[in-house]
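Data block below; observations after.
All of the numbers you see were taken from the coordinates with simple rules; none came from a lab. As the structure is a prediction and not an experimental result, all values here were calculated from the model. Virtual Cβ from ideal backbone geometry, glycine too; neighbours counted across all protein chains shown.
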Amino acid sequence: MSRDDELRELLDKTAGEIKRLSSNPRTWHSWMVYLLASLEKQATDINPADKDKFKEMLSALQESIRNRFRTGGW
């Protein structure tokens, strides 16, 4: 299994656990924010210069979310 496959499997399991513990998708907002904050900390703890890369990722994520609303798919 590739690293990408392992990560997808882990994220799928995590998503399932979030749903199991809190079935209302509206409440997931705070967990998404928490995850992003944690990822930012992970990205910048080792190399503070990665903050710009993290911001680029957030911008790409924002565009993906906009496209999701426009097209209805990821």
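Converting phi to 3J(HN,Hα) with the Karplus coefficients 6.51, -1.76 and 1.60 and the offset θ = phi - 60°, segment 59-71 yields 5, 5, 5, 4, 5, 4, 5, 4, 4, 4, 5, 6, 9 Hz in sequence order, with x at every glycine or proline. Taken about its Cα centre, the chain carries a charge dipole of about 420 debye when Lys and Arg each add +1 at the Cβ and Asp and Glu each add -1 at the Cβ. Across segment 16-24, computed HN-Hα scalar couplings (Karplus, 6.51 cos²θ - 1.76 cosθ + 1.60, θ = phi - 60°) run x, 5, 4, 4, 4, 7, 8, 6, 8 Hz from first to last residue, x flagging Gly and Pro. Considering only Cα atoms, the convex hull volume of the chain works out to 121 Å³ per residue.
Considering only Phe69, Trp31, Leu11, and ranking their Cα positions along the charge dipole of the chain that arises from unit charges at the beta-carbon of Lys, Arg, Asp and Glu, the one farthest toward the positive end is Phe69. Applied to segment 41-48, the Karplus parametrisation 6.51 cos²θ - 1.76 cosθ + 1.60 on θ = phi - 60° returns per-residue 3J(HN,Hα) values of 4, 4, 5, 9, 4, 7, 9, x Hz, with x for Gly and Pro.
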